[in-house]
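The values are calculated or read from the model by the stated rules, or taken from the named source; none is laboratory data. All values reported here derive from a predicted model rather than from experimental measurement. So basically every Cβ, Gly included, is an ideal-geometry build from the backbone, and we count neighbours across all protein chains shown. The accessibility values were calculated without ligands, DNA or RNA, using every heavy atom of the protein model including side chains. Shrake-Rupley method; radii C 1.70, N 1.55, O 1.52, S 1.80 Å.
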Amino acid sequence: MLSSADQEFDDIAGRVLNATWKFYPDRASKEGLHDYDGGMTDISPTSIAGRVREVETFIVKLHRLDETLLSDNHQFDRRILISALRDEKFRLTELETYQRWPMEALEHVDVSNYILRDYAPRGERVEALTAALEKVPGYLEALQTGLDPGVGAPVIEASIEAYEGMRSFYDTDLSLHVSGLVEGTAFSRFDEARGTASSALESFVAHLRTMLEASPPDFAIGATNFRWMLEHGEMVDLSIDRLESIGEQDLHRNLIHLRKLATDISPEGDVVSLLQETKKNHPAASMLTAETRGTLDDIRQFVLENDLVTIPSNVACIVKETPMYMRWAFAVMDLPGTFETTADEAYYYVTPVDASWTEAEKDEWLSSFNYPLLKNVSIHEAYPGHYVHHLHSKNASSKLSLVFGAYSFRDGWAHYTQEMMIEQGFGGNDQRVQAMQLMEALLRNCRFLCAIRMHTQGMTLEEAKRFFMEQAYLEPLTAEREALRGTYDPMYLNYTLGKLQIMKLREDYKARVGESFSLKDFHDKLLSFGAPPIPLVREAMLGPLAGPPL
């Protein structure tokens, strides 16, 4: 039987969730709570002010609870809620998400969830989609009215491209898809809403172009905000200097290993030659999906044979060609929402070549699927990365950690598994598999360091681009896009941040339990918590004197 304190916490937690879904109905819909279908977040000043007051009230209520009277699980969840609410308040008030971060605001006009999954009869889904589209013009009007004229030019440039892409999605893919689902009055109403929403996107992009003419070049959030984002969102409280030093050490570690491998593997003995040679070995266009499916089977079998982590289900993720409206990535995992109960399939999308491309363009695209890199990306996305994490999340001890999950846990785990698999012998004698794992790690190392330096030390966009080219061996265009992402996603350091925290936790846990340590048991225990900030997991596994996360 629950104690009165636990019951009080459950009551508060339930009210927090209900209030959160009410304010962010589009997020609730994407999580599989379809009673909220057709809704959209109200970002008017009055609405945001009301939400801030609501969040503040919940924080006070949670702080008033006597933590010592709560069960261990409720203490854990209480800390998750307080951290998440503080983070939301910080983003709404200090960072001013809907005034200064148009890229963050884009999520609310992404209505692809209504066509991605057959969670309800097509007529119901199109009706909900139409209702959501009818709210897009009002949402964009509020967003445009509230935008701060001081938004940095790089952020505006990225936003122009993103909102133009969303308009293209509305005009082409969305229209074509729905035309095959409904007809008559239902389609006419949808198409009218779609057209009006598309026009609103066009007007909003025009406004962004006008803003760009006078936008300042500076985009940095500053050291104080950067540290607050880490503390609120990830529960990591370390100095900027300490973080940078940790990132530099991991970068140099990976560079040394990669350069040594290049000497061993490539006749020329350099990394660039190694990469050029590796890219030549890839699936044929006609075999891309089939060979990706075979790659997943091989990786899954390796995980099982080496007893690395429990795979809680025999149901494999489904490998499919990426839908036309999602072909911005060459390979990506699409997981169902936390509360989705009907259309709960997991899809691993791989993007095929376009029939209209030249042979040279097709070959260049397929080189991204070179076998060693395809294996590493598939580890990250599926086994034992995101998909296995998703399977464990169904039985997580903390459902709140899934709703308010930590960026560093989700992407840190997936990134960690790539290095862990190499440590355990994946790839056998093919050193190129390890080389591509190191390339992936260097990319994340550069994100880590550029995020810190761009937002706290004045690193320019051009300097960041050069850093990606020199340290991660990226081509100029790819390096430019990685640098640009850092201007509007300062927390993309979380891949490496999460990986390093998990690696340290593993070693400290191993030292604690001694000879009884099992890698599989460690991984299963880690994933049993859901997706909370890793310092919370560290304390749960090592005790209150667990020590620093890094």
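Just to check, using Stokes-Einstein with a Kirkwood Rh over alpha carbon pairs, what's the diffusion coefficient of region 67-180 at 25 °C and 0.890 mPa s in µm²/s?
Numbers: Rh = 17.1 Å.
So the translational diffusion coefficient is about 144 µm²/s.
Report, ordered by chain and residue number, the lysines lying within cross-link reach of K504, taken as a straight Cα distance under 20 Å and ignoring same-chain residues fewer than 8 apart.
Cross-link targets: K520, K525.
For K30, go through the lysines and keep the ones whose alpha-carbon is under 25 Å away, minus same-chain ones fewer than eight residues off.
K22, K89, K135, K320, K394, K399
Taking the square root of 5 times each eigenvalue of the Cα gyration tensor, what semi-axes in Å does the equivalent ellipsoid of region 394-540 have, largest first?
On the way: eigenvalues 178, 82, 30 Å².
The equivalent ellipsoid of region 394-540 has semi-axes of 30, 20, 12 Å.
Farthest toward the dipole's positive end in region 250-337, which of A284, I256, L308, given Cβ charges of +1 (Lys, Arg) and -1 (Asp, Glu) about the Cα centre?
Value: A284.
Express the relative contact order of the chain as a whole percentage, based on alpha carbon pairs under 8 Å and six or more residues apart in sequence. Write down the numbers at each step before the final one.
On the way: 725 pairs, mean separation 86.6, N = 550.
Relative contact order for the chain comes out at 16 percent.
On the Cα set of region 300-413, report Rg and Dmax in Å, please.
Gyration radius and largest Cα-Cα distance of region 300-413: 16.0, 51 Å.
Eigenvalues of the Cα gyration tensor times 5, then square-rooted: what semi-axes does that give for region 170-299, in whole angstrom, largest first?
The three semi-axes for region 170-299 are 43, 33, 18 Å.
Of all the accessible heavy-atom surface of region 457-499, with the other protein chains kept in place and a 1.4 Å probe, what percent is carbon and sulfur?
Working: 870 of 1750 Å².
The computed percentage sits at 50.
Average projected area of the Cα convex hull of region 33-72, in nm²?
For region 33-72, the mean projected area of the Cα convex hull comes to 4.7 nm².
I need the shape label for region 195-239. Rule: rounded when a/c is under 1.5, else prolate if a/b > b/c, else oblate, with a, b, c from the alpha carbon gyration tensor.
On the way: a/c = 8.51, a/b = 2.09, b/c = 4.07.
Oblate.
If you keep only loop residues by DSSP, which GluC sites (Glu not before Pro) in region 238-277 have at most 14 other Cβ atoms within 10 Å of their Cβ? Walk me through the numbers before you get to the answer.
Details: sites: E244, E248, E268, E277; in loops: E268.
Within region 238-277, the qualifying GluC sites (Glu not before Pro) (loop, at most 14 other Cβ atoms within 10 Å) are E268.
Counting helices only, and only those DSSP H runs with n ≥ 4, report the 222 nm mean residue ellipticity of the chain as the sum of -39,500 (n - 2.57) divided by its residues, in deg cm²/dmol to the nearest 500.
Numbers: 26 runs with 358 residues, N = 550.
Result for the chain: -21000 deg cm²/dmol, rounded to the nearest 500.
Along the three principal axes, how long is the chain when you take its alpha carbons, biggest first, rounded to the nearest angstrom?
So the extents along the principal axes, rounded to whole Å, are 65, 62, 49.
Hey, any idea what % of region 283-386's accessible area is carbon plus sulfur with a 1.4 Å probe?
Numbers: 2370 of 4700 Å².
Roughly 50 percent of what the probe reaches on region 283-386 is carbon or sulfur.
Show me the three semi-axes of the equivalent ellipsoid for region 376-423, from the C-alpha gyration tensor (sqrt of 5 times each eigenvalue), largest first, rounded to whole Å.
Values: eigenvalues 84, 23, 13 Å².
For region 376-423, the ellipsoid semi-axes come out as 20, 11, 8 Å.
Quick one: Debye curve from the alpha-carbon atoms of region 199-274 only, equal weights, vacuum; give me log10 I(q)/I(0) at q = 0.26 Å⁻¹ to two decimals.
-1.12
Only four residue types carry charge here, +1 at the Cβ of Lys and Arg and -1 at the Cβ of Asp and Glu. Report the dipole size of the chain about the Cα centre in Debye, rounded to the nearest 20.
Magnitude of the dipole: close to 820 debye.
Using the Kirkwood radius over C-alpha pairs as Rh, can you work out the diffusion coefficient of region 244-346 via Stokes-Einstein at 4 °C, viscosity 1.567 mPa s, in µm² per second? Kindly include the intermediate steps, with their values, before the conclusion.
Details: Rh = 17.8 Å.
Result for D is 73 µm²/s.
Starting from the exponent 0.38 and prefactor 2.2 Å, build the expected Rg for region 1-125 from its residue count and divide its actual Cα Rg by it.
For region 1-125, the normalised Cα radius of gyration comes out at 1.22.
Report the far tail of the P(r) of region 428-470, meaning the percent of Cα-Cα pairs longer than 13 Å. Intermediate results must be reported in sequence, preceding the final value.
Working: 515 of 903 pairs.
The share of Cα pairs beyond 13 Å in region 428-470 comes to 57 percent.
Where Rh denotes the Kirkwood radius from the mean inverse Cα pair distance, what is Rg over Rh for region 322-386?
Numbers: Rg = 14.0 Å, Rh = 13.3 Å.
Across region 322-386, the Cα-based Rg/Rh ratio is 1.05.
Could you work out the Rg to Rh ratio of region 494-550, with Rh taken as the Kirkwood radius (inverse of the mean 1/r over all Cα pairs)? All intermediate terms of the calculation are to be shown ahead of the outcome.
Values: Rg = 10.6 Å, Rh = 11.4 Å.
Expressed as Rg/Rh, it is 0.93.
Determine the per residue accessible area of region 1-157 with all protein chains present and a 1.4 angstrom probe, expressed in square angstrom. Please list the in-between numbers first.
Numbers: 6950 Å² over 157 residues.
It amounts to 44 Å² per residue over region 1-157.
In Å², and per residue, what accessible area does region 338-414 have when probed at 1.4 Å with the other protein chains present?
Working: 2720 Å² over 77 residues.
Dividing the accessible area of region 338-414 by its residue count gives 35 Å².
Find the all-direction average of the projected area of the Cα convex hull for region 393-462, expressing the result in square nanometres with one decimal place. List each step's numbers first, then the result.
Numbers: hull surface 29.0 nm².
Orientation-averaged projected area of the Cα hull: 7.3 nm².
How big is the C-alpha Rg of region 358-443 next to the rule-of-thumb value 2.2 N^0.38 Å, as a ratio?
Details: Rg = 15.5 Å, N = 86, 2.2 N^0.38 = 12.0 Å.
This ratio for region 358-443 stands at 1.29.
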